[in-house]
Amino acid sequence: MSAAYIALAVAAITAISRIFLKRGLEASNPLTGMFVSLAVCGAVITALALATVPATEVTLQGVAIFAGIGLFAPPVVRYLTYVGIDKVGAARSSPIRSLTPFFAILLAITFLGEEARPNVLGGAVLIVGGAFLLSKKPTKKSPQRSWRKWDLLYPFSAAILAGCAANLRKAGFAFLDSPILAAASTAIAALIVFSTYMLSAGRRGELDFNPASIGWFLVASACTSVSIVLNLVALKLGDVSVVSPILASSPLFVILFSAIFLRKIERVTITLVAGALLTFAGVESIIFL
């Protein structure tokens, strides 16, 4: 299976994970959801690595590289994304955060020597545009919150760091051959960073484990574990400039799966149709042209 198809599978699995996460959040909070996700991913992927990765494939340098990536992606990236939404609102933050594929492609061309193929660049534009339209929610009339221009640096920094992470993961496979071990190193580092933050910030008391949410969080975390490993497999096999834009098509699958898993009727609007068509056209451009 090519890297493009694996990336498409990752986008779909990520969407499923978000659907289950949303169900869990109805009875809990994002802090708990993120902690469960990081803990389960760390445990599951590490167990898988211990059971399947030969000791001969383990290199301290490679493990250190992917652990270093885990220190900021996803913890810092997700934090900057949330703060950006809080400071300037989703309407202003989301378009900037959606620029991740462009930064990933730019860095891949500059530092990894990847080819700037027209179909990939064009597909990236279509996918990012489609993802933005699919993620856009109708705005309600409400008082405008004041914000400062430099607050836009939060989503901008998140997009850049996410693009950097994709390139660092690709480069890291020169030192570590196993995507599973790479995923385990990243997951454990991310869990340590997030746990340290919760303890130092005194937010441990906000964790809300209850029967109504924990099951959904566990299923979502299992999906996330699979998507993390497949994401790294895709990056190992293919170019960042191909994989990153396809991963950004996840909002399309969120819309499609919502009706199945949440049993909710989506109101078909011109915006949704345009977003779906743009995203589909972008994926087709990258995979088949």
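In this structure, residue 129 qualifies as modelled with pLDDT under 95, in a helix (DSSP H, G or I) and surrounded by fewer than 20 Cβ atoms within 10 Å (Cβ to Cβ). Going by the conditions given, is residue 46 of a type in the set (Ser, Thr, Tyr) and free of Cβ contacts under 8 Å to residues at least 24 places away in the same chain? Judged against the criteria, residue 46 is not a match. The residue of the stretch 29-41 that is surrounded by the fewest Cβ atoms within 10 Å (Cβ to Cβ), among those that are in a helix (DSSP H, G or I) and touching an Asp or Glu at 6+ places or on another chain (Cβ under 9 Å), is 31.
What do you reckon, is residue 62 assigned to a helix (DSSP H, G or I) and touching a Leu at 6+ places or on another chain (Cβ under 7 Å)? Criteria met by residue 62. Entry remark, the stretch 277-289: residues being touching a helix residue (DSSP H, G or I) at 6+ places or on another chain (Cβ under 7 Å) and either in a loop (DSSP other than H, G, I, E, B) or modelled with pLDDT under 80 (or both) number 2 in total. Comparison of 77, 44 shows that the only residue that is of a type outside the set (Phe, Trp, Tyr), within 21 Å of residue 157 (Cβ to Cβ) and assigned to a helix (DSSP H, G or I) is 77. When the residues of the stretch 94-125 are filtered to those that are of a type in the set (S, T, N, Q) and in contact (Cβ under 8 Å) with a residue 24 or more places away in the chain, the one that is farthest from residue 245 (Cα to Cα) is 94. Can you find even one residue in the stretch 159-179 that is at pLDDT below 95, part of a helix (DSSP H, G or I) and closer than 27 Å to residue 90 by Cα? Scanning the stretch 159-179, I find at least one residue that is at pLDDT below 95, part of a helix (DSSP H, G or I) and closer than 27 Å to residue 90 by Cα, so the answer is yes. Filtering the stretch 163-185 to residues that are out of contact with any Lys or Arg (no Cβ under 8 Å at 6 or more places or on another chain) and under 25 Å from residue 97 (Cβ atoms) leaves 163, 164, 165, 166, 167, 168, 169, 171, 172, 183. Looking at the structure I just gave you, is residue 233 farther than 19 Å from residue 77 by Cα, of a type in the set (Val, Ile, Thr), buried (at least 18 other Cβ atoms within 10 Å of the Cβ) and at pLDDT 95 or above? Taking the combined requirement at face value, the residue satisfies it. Test residue 255 against the criterion of being at pLDDT below 85, under 21 Å from residue 115 (Cβ atoms) and in a helix (DSSP H, G or I), and give yes or no. So residue 255 does not fit the description; no. Taking the criterion of being over 18 Å from the mean Cα position of the chain (by Cα), crowded, with 22+ Cβ neighbours inside 10 Å and more than 27 Å from residue 249 (Cα to Cα), would at least one residue in the stretch 51-61 satisfy it? No; the residues of the stretch 51-61 include none that is over 18 Å from the mean Cα position of the chain (by Cα), crowded, with 22+ Cβ neighbours inside 10 Å and more than 27 Å from residue 249 (Cα to Cα). Filtered by the rule that a residue be over 15 Å from residue 234 (Cβ atoms) and either crowded, with 20+ Cβ neighbours inside 10 Å or free of Cβ contacts under 8 Å to residues at least 24 places away in the same chain (or both), the stretch 169-191 gives 174, 176, 181, 184, 185, 187, 188, 189, 190, 191.
Here is a yes/no grid of residues against (1) buried (at least 17 other Cβ atoms within 10 Å of the Cβ); (2) touching a residue at least 40 places away in the same chain (Cβ under 8 Å); (3) of a type in the set (Phe, Trp, Tyr):
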position: 158; (1), (2), (3): yes, yes, no
position: 194; (1), (2), (3): yes, yes, yes
position: 210; (1), (2), (3): no, yes, no
position: 223; (1), (2), (3): yes, yes, no
position: 228; (1), (2), (3): yes, yes, no
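The values are calculated or read from the model by the stated rules, or taken from the named source; none is laboratory data. This structure is a prediction, so every number in the text was calculated from the model and none was measured. FYI the Cβ positions are ideal-geometry reconstructions off the backbone, even for glycines, and counts take in every protein chain you see.
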